[in-house]
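In what follows, a single structure is set out as structure tokens and then discussed.
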Amino acid sequence: MDVISRNDALRAIPSVEEILKELDGDKSLSQIPRLLVTDCVRKTIDYTRACILTDKPTPTEPATIARLARESAQSLTLPSLKKVINVSGIIIHTNLGRSNLADEAIAAVCSVAKNYSTLEYDPSSLSRGSRHSHCEQLICALTGAEAAIAVNNNAAAVMMVLSEFAAGKEAIVSRGELIEIGGSFRIPDIMEFSQALMVEVGTTNKTHLADYESAITDKTALLLKVHPSNYRMIGFTETVDAGSLRHLADSENKRRRTENPTSTEMRNASLLVYEDLGSGALIPLACFGEYPEPTISQSLESGCDLVSFSGDKLLGGPQAGIVVGKKEYIDRLKKNPLARALRLDKMTLAALEATLRIYLDPKKACKNIPTLAMLSITDEELHERSMRLLNALSKELSPDCVELSVVEDIAQAGGGSLPMSNIPSYVVRIKFLRGNAQKCEEYLIKERSIPIIPRIKKEAILCDVRTLMSEEDLFEIVAAFKEYFATLVQEKDRG
Ligand SMILES: *Cc1c(COP(=O)(O)O)cnc(C)c1O
């Protein structure tokens with residue numbers, strides 16, 4: 001745009017007053033404070049000006065700007081964090097909230113949310129209690145650990161362990177385990193932030209025990225193992241298991257004690273083995289397939305001093321990070337200021353405690369904890385559920401619009417869990433004879449009050465009903481598709 005027409009465009013922008021007059025008496029804005037409406041108008045005008053200055057095409061008619069301002073004001077009254085229906089085939093979908101809670105956990109959350117609770121009160125002694133106490137015994141019972149502490153998430157847990165035990169000291173980690181988890185969690189960055197000196201050993205594909213061995217110095221505080229949750233290395237590879245690291249740490253600790261028999265600091269200078277296990281499976285599941293996810297107990301049994309994992313991945317609970325291990329080390333973590341800063345709130349604690357309690361009966365866990373139920377649903381049930389959706393859709397959708405079928409496809413655990421375990425699944429395939437898959441997907445996600453998240457494959461929409469939460473959701477999907485084709489007809493009539 002040349003200078004003159006740009007100036008003309010800028011001059012054509014209506015004033016705030018003009019737009020406010022345009023919105024005067026608009027019933028849809030009657031519940032919104034005048035100041036907020038004015039603010040939305042101002043921001044919309046600023047946006048229009050910015051568009052003109054950067055040569056982006058933008059309407060400047062008062063009616064259009066008023067409409068945009070109205071929409072932005074109205075959006076303030078609508079929930080932003082809301083339910084969606086996930087039929088994407090990704091079970092632990094980080095963008096969609098990872099794990100849904102079991103009914104027992106939801107009831108526990110509601111109760112502590114509504115009422116006073118024993119959060120930091122111990123009724124048995126009529127005195128102050130600890131919020132760490134509610135889950136610790138259960139976690140220990142389920143993992144065989146001596147002690148446990150839960151914080152905000154696993155990233156927080158890793159940070160806390162590193163800063164307690166390795167700040168200003170060295171932590172040895174294999175180059176094959178310097179991973180990035182989605183959402184900017186990178187092991188090297190967390191190490192730096194915790195002021196642990198990262199000592200990388202081995203190569204990307206192969207790390208040997210001798211690599212760790214020769215990297216150990218008097219300043220080494222930690223042998224860190226990181227479970228490569230979201231990827232697998234196959235081919236010419238080698239990693240060192242936690243058991244071998246245990247032996248190495250034991251002989252180093254023995255050396256330190258014999259070479260410094262009088263040093264009182266020797267206990268704190270112990271070399272620890274710590275594994276960040278990521279997904280945190282409490283029980284082995286059949287769907288782990290040929291790449292079994294190590295369980296927390298296995299990791300502890302193989303000799304780790306500390307193990308950390310997420311609460312909302314394979315565990316199927318609320319967002320949390322749990323550290324388990326030797327009591328003397330967990331006690332130190334409990335006293336770390338980060339444990340206070342990163343502590344869990346009462347609702348999360350209630351959900352975590354209730355979720356863990358279900359695991360006392362593993363069969364019940366696979367049934368009642370949605371994430372586990374979705375992972376362990378039988379083929380027959382999945383096929384039957386897919387057929388139910390197919391039949392409901394075919395009742396409502398004209399064969400002129402769609403071709404419906406139930407086909408085999410692949411579901412994924414997601415959330416950086418079970419990367420290679422493609423889970424064979426049945427999905428409902430919707431092929432478009434009218435409209436198209438992209439436009440329909442956009443409609444399902446953008447235009448519905450309950451967005452529906454499917455996936456697209458070869459110009460067709462696939463609905464994986466493995467992750468469906470209820471029969472109502474199934475009918476919501478049917479209603480949404482029906483409505484999409486109705487909008488096509490309206491468009492045609494108008495055109
Ligand atoms: C997921 C994951 C994390 C981060 O856990 P959050 O609970 O998301 O903070 C850290 N390490 C590993 C290995 C993971 O898989």
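The values are calculated or read from the model by the stated rules, or taken from the named source; none is laboratory data. It should be emphasised that the depicted structure is a prediction, and the values quoted were computed from it without experimental measurement. Neighbour counts run over all protein chains shown; Cβ positions are idealised from the backbone, glycine included. These accessible areas exclude ligands, DNA and RNA; they are computed on the full protein's heavy atoms, side chains included. Shrake-Rupley method; radii C 1.70, N 1.55, O 1.52, S 1.80 Å.
One table, with the values for the structure above:
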| quantity | calculated |
| --- | --- |
| Every residue from the stretch 424-443 that is of a type in the set (A, V, I, L, M) and touching a helix residue (DSSP H, G or I) at 6+ places or on another chain (Cβ under 8 Å) | Val427, Val428, Ile430 |
| Lys327 vs. criteria without any contact (Cβ under 8 Å) to a residue 40 or more places away in the chain and among the charged types (D, E, K, R) | no |
| Subset of the stretch 98-119 (residues that are of a type in the set (S, T, N, Q) and either open to solvent by less than 70 Å² (accessible area, probe 1.4 Å) or within 16 Å of the ligand (Cβ to nearest atom) (or both)) | Ser99, Asn100, Ser111, Ser117, Thr118 |
| Any hit, the stretch 329-346, residues being in a loop (DSSP other than H, G, I, E, B), acidic (Asp, Glu), more than 27 Å from Leu271 (Cα to Cα) and open to solvent by less than 20 Å² (accessible area, probe 1.4 Å) | no |
| Pick from the stretch 150-173, criterion open to solvent by less than 10 Å² (accessible area, probe 1.4 Å) and not in a helix (DSSP H, G or I), ranking: nearest to the ligand (Cβ to nearest atom) | Val151 |
| Residue under evaluation Ile456, criteria (1) touching a residue at least 12 places away in the same chain (Cβ under 8 Å); (2) assigned to a helix (DSSP H, G or I), criterion not met | (2) |
| Qualifying positions in the stretch 19-46 - touching a residue at least 12 places away in the same chain (Cβ under 8 Å) and open to solvent by 90 Å² or more (accessible area, probe 1.4 Å) | Glu22, Gln31, Arg42, Lys43 |
| Residues satisfying the stated conditions in the stretch 47-68, i.e. over 16 Å from Asp26 (Cβ atoms) and open to solvent by 10 Å² or more (accessible area, probe 1.4 Å) | Tyr47, Arg49, Ala50, Leu53, Thr54, Asp55, Lys56, Pro57, Thr58, Pro59, Thr60, Glu61 |
| Scan of the stretch 116-149 for residues that are of a type outside the set (Gly, Ala, Ser), in a loop (DSSP other than H, G, I, E, B) and in contact with an Asp or Glu (Cβ under 8 Å, 6 or more places away or on another chain), ordered by number | Arg131 |
| Unmet criterion (only one of (1) over 18 Å from the mean Cα position of the chain (by Cα); (2) at negative phi; (3) open to solvent by 60 Å² or more (accessible area, probe 1.4 Å)) for Asn95 | (1) |
| Where a residue in the stretch 278-304 is open to solvent by 40 Å² or more (accessible area, probe 1.4 Å) and of a type in the set (D, E, K, R) and its partner, wherever it lies, is modelled with pLDDT under 80 and not in a helix (DSSP H, G or I), with Cβ under 9 Å and at least six apart | Glu290/Met420; Glu290/Ser421 |
| Condition broken by Thr355, with the remaining ones in (1) surrounded by 24 or more Cβ atoms within 10 Å (Cβ to Cβ); (2) away from the ligand (no atom under 16 Å from the Cβ) satisfied | (2) |
| Test: residue in the stretch 383-390 that is in a helix (DSSP H, G or I), among the charged types (D, E, K, R) and surrounded by fewer than 19 Cβ atoms within 10 Å (Cβ to Cβ) | yes |
| Criterion (among the β-branched types (Val, Ile, Thr) and modelled with pLDDT of 95 or more) met by exactly one of Ile423, Ile453 | Ile453 |
| Filter pass, Glu177 being surrounded by fewer than 24 Cβ atoms within 10 Å (Cβ to Cβ), in contact with a strand residue (DSSP E or B) (Cβ under 6 Å, 6 or more places away or on another chain) and modelled with pLDDT under 95 | yes |
| Leu138 away from the ligand (no atom under 16 Å from the Cβ) and open to solvent by less than 60 Å² (accessible area, probe 1.4 Å) | yes |
| Test set (1) surrounded by fewer than 24 Cβ atoms within 10 Å (Cβ to Cβ); (2) assigned to a loop (DSSP other than H, G, I, E, B) - Thr258 fails condition number | (2) |
| Residue in the stretch 232-255 that is surrounded by the fewest Cβ atoms within 10 Å (Cβ to Cβ), counting only those that are away from the ligand (no atom under 16 Å from the Cβ) and more than 25 Å from Ile330 (Cβ to Cβ) | Gly235 |
| Of residues in the stretch 174-213 being free of Cβ contacts under 8 Å to residues at least 24 places away in the same chain and within 16 Å of the ligand (Cβ to nearest atom), the one nearest to Met233 (Cα to Cα) | Glu180 |
| Leu306 vs. criteria within 16 Å of the ligand (Cβ to nearest atom), in contact with a Phe, Trp or Tyr (Cβ under 6 Å, 6 or more places away or on another chain) and either at pLDDT 95 or above or farther than 19 Å from Val158 by Cα (or both) | yes |
